[in-house]
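Novice: Starting off with a structure, shown below.
The values are calculated or read from the model by the stated rules, or taken from the named source; none is laboratory data. A quick note: this is a predicted structure, and the numbers were derived from the prediction, not measured. For neighbour counting, all protein chains shown are included, and Cβ atoms are generated from backbone atoms with ideal geometry for every residue, glycine included.
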Amino acid sequence: MNKQENLDISFFDLVQFLFEKRKNLILVFMMLSLMAVVYALMLPNFYQSSALLEVREQNESSGVLGNLPSQMGNLASIAGINLNQAGGPKKNLIIETILSREFLSELLKFDGVRQNLTAVKSIRNGVMIYDQNLYIGELGKWQDDAFPSDLEVYRDFYRLNLSINSDSKTGFIFIGYEHLSPTFSQEFVTLIINQINNKMRNRVLSETSRSIDFLSNSLASTIDVEIRRLLANLLESEISKRMLADIHEDYSLIVIDKPFVPEKKSSPARAILCILIVSFGMLAYITFLLFYNFLWTRLIK
C-alpha cells in the first residue's frame, strides 16, 4: 500500500513541483537560449536561385501522325517514331532526366562545377573560399583521396540541394538550387536549363536523322501507292520535328522567369531553429526532473 500511495501523483503535485524548481527552469532556459543563438549564428547562409519554366509542346506534326492508320505502328516503331508522343519531350521525362545520375555526370564535366558543388567552405567578399583539406584553389588541385566521385556528389550535394517540381494545373516546372554562393547558385540553375535543352534537342536530332534515312530508303524501294503515301506522311512529320529542333535552342523548356542572383538567404531559418532547440531542450529537462523525482525516487523508497 505504501508503494502504491507513493506512486499516486496529482496534477497539482506536478505544478507545485515545477513552481518550486522555477529558478532551475529559468536558468536552463537561459542556457539553452544562449546555446541555440550561438549555434544558429555559426551556421552559414545558403542562397537559392530558381527559375520558372514551361515545357515546349511541338504539336505541329500531331495532325499528320494522328491520321495515320494503326497498321503503320510497327513500321513507325522500326523507324524510331513514337506515334503516341508526337508532341515532343514530355514533362516527366524532362524532370526525371534532370534528377538522373547520368545528367549530373554531364554537368560535372564543365570546368569548376565539381569543386564548387562540394569543396566551398565560405564566401568572402563574393568570392568562394575552398576547404584546403579538399581542394587547393590556388593550384587548382584536389588533395589526395579527396576527389569526390560522381555518385558522392549526386548523393551528398546534388539531390540534397536541388529543388524541382511541377504545377499540376499549369504544367509549369520550378527548378531551384541552394548554395553558399548566390552567384554560383544562379549560374548552376542556368547550366541545368541549357544542358537539358541541349540534351533533349540533340536526342531528337539524332532520332529524326535515323528516321528520315530509314523512311527515305523505304520510300525509294516501295512501289505500292498507299504505302508510299503513308511513308511520305511519316517522312514529312519527321522533317517537321527536325526543323523545329534546329530552330529552337530552348527545345524542351521555355524560360518564363529566368534564374536570378538571390539577395536574401533561403536558409537557415535561425529563429525557428532556436525555438525548436529551446523547446525540445526544456521538454527533455522537465521530463527528466519529473521522472527522477516522482518515479525513480519514489520507487526506491
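Novice: Tell me which of these M1 doesn't satisfy, since it passes every other one: (1) surrounded by fewer than 12 Cβ atoms within 10 Å (Cβ to Cβ); (2) at pLDDT 95 or above.
Specialist: Unmet for M1, out of (1) surrounded by fewer than 12 Cβ atoms within 10 Å (Cβ to Cβ); (2) at pLDDT 95 or above: (2).
Novice: Is it the case that region 200-217 has a residue that's surrounded by fewer than 18 Cβ atoms within 10 Å (Cβ to Cβ) and either aromatic (F, W, Y) or in contact with a Pro (Cβ under 9 Å, 6 or more places away or on another chain) (or both)? First the steps, then the outcome.
Specialist: Keep residues of region 200-217 that are surrounded by fewer than 18 Cβ atoms within 10 Å (Cβ to Cβ), which gives 202-203, 205-206, 209-210, 213, 216-217.
Among the residues that remain, those that are also either aromatic (F, W, Y) or in contact with a Pro (Cβ under 9 Å, 6 or more places away or on another chain) (or both) are: 203.
Checking region 200-217: at least one residue is surrounded by fewer than 18 Cβ atoms within 10 Å (Cβ to Cβ) and either aromatic (F, W, Y) or in contact with a Pro (Cβ under 9 Å, 6 or more places away or on another chain) (or both).
Novice: Additional query: Return only the number of the condition from (1) of a type in the set (V, I, T); (2) touching a Phe, Trp or Tyr at 6+ places or on another chain (Cβ under 8 Å); (3) at pLDDT 95 or above; (4) surrounded by fewer than 20 Cβ atoms within 10 Å (Cβ to Cβ) that T183 does not satisfy.
Specialist: Evaluating T183 over (1) of a type in the set (V, I, T); (2) touching a Phe, Trp or Tyr at 6+ places or on another chain (Cβ under 8 Å); (3) at pLDDT 95 or above; (4) surrounded by fewer than 20 Cβ atoms within 10 Å (Cβ to Cβ) leaves (2) as the failure.
Novice: Follow-up. Within region 161-201, count every residue that is without any contact (Cβ under 8 Å) to a residue 60 or more places away in the chain and of a type in the set (A, V, I, L, M).
Specialist: 0
Novice: Moving to a separate point now. crowded, with 17+ Cβ neighbours inside 10 Å and either acidic (D, E) or within 30 Å of N116 (Cα to Cα) (or both): is that true of E236 in this structure?
Specialist: Values: crowded, with 17+ Cβ neighbours inside 10 Å: no; either acidic (D, E) or within 30 Å of N116 (Cα to Cα) (or both): yes.
No: the conditions fail for E236.
Novice: Output the number of residues of region 266-275 satisfying the condition of being outside any helix (DSSP H, G or I) and surrounded by fewer than 17 Cβ atoms within 10 Å (Cβ to Cβ). Lay out the reasoning, then the answer.
Specialist: Initial filter on region 266-275 (outside any helix (DSSP H, G or I)): 266-269.
Filter again for surrounded by fewer than 17 Cβ atoms within 10 Å (Cβ to Cβ), leaving 267-269.
Final tally of qualifying residues: 3.
Novice: Could you list, in sequence order, all residues of region 213-255 that are among the aliphatic types (A, V, I, L, M) and part of a loop (DSSP other than H, G, I, E, B)? Explain how you work it out, then say what you get.
Specialist: Of the residues in region 213-255, the ones among the aliphatic types (A, V, I, L, M) are 215, 219-220, 223, 225, 227, 230-232, 234-235, 239, 243-245, 247, 253-255.
The one that is among the aliphatic types (A, V, I, L, M) and part of a loop (DSSP other than H, G, I, E, B): I223.
Novice: What pairs can you find where one residue is in region 275-301 and within 16 Å of E20 (Cβ to Cβ), the other is at pLDDT 85 or above and among the aromatic types (F, W, Y), and their Cβ atoms are less than 9 Å apart, with a gap of 6+ or different chains?
Specialist: So the pair list comes out as Y285/F29.
Novice: All but one of (1) over 14 Å from V255 (Cα atoms); (2) modelled with pLDDT of 90 or more hold for N197; which doesn't?
Specialist: (1)
Novice: If the Cβ limit is 7 Å and pairs must be 6+ apart or interchain, which residue in region 24-49 that is surrounded by 14 or more Cβ atoms within 10 Å (Cβ to Cβ) pairs with which residue that is basic (K, R) and modelled with pLDDT under 95?
Specialist: Note: pairs meeting the criteria are A40/R270; N45/K265; F46/K265; Y47/K265.
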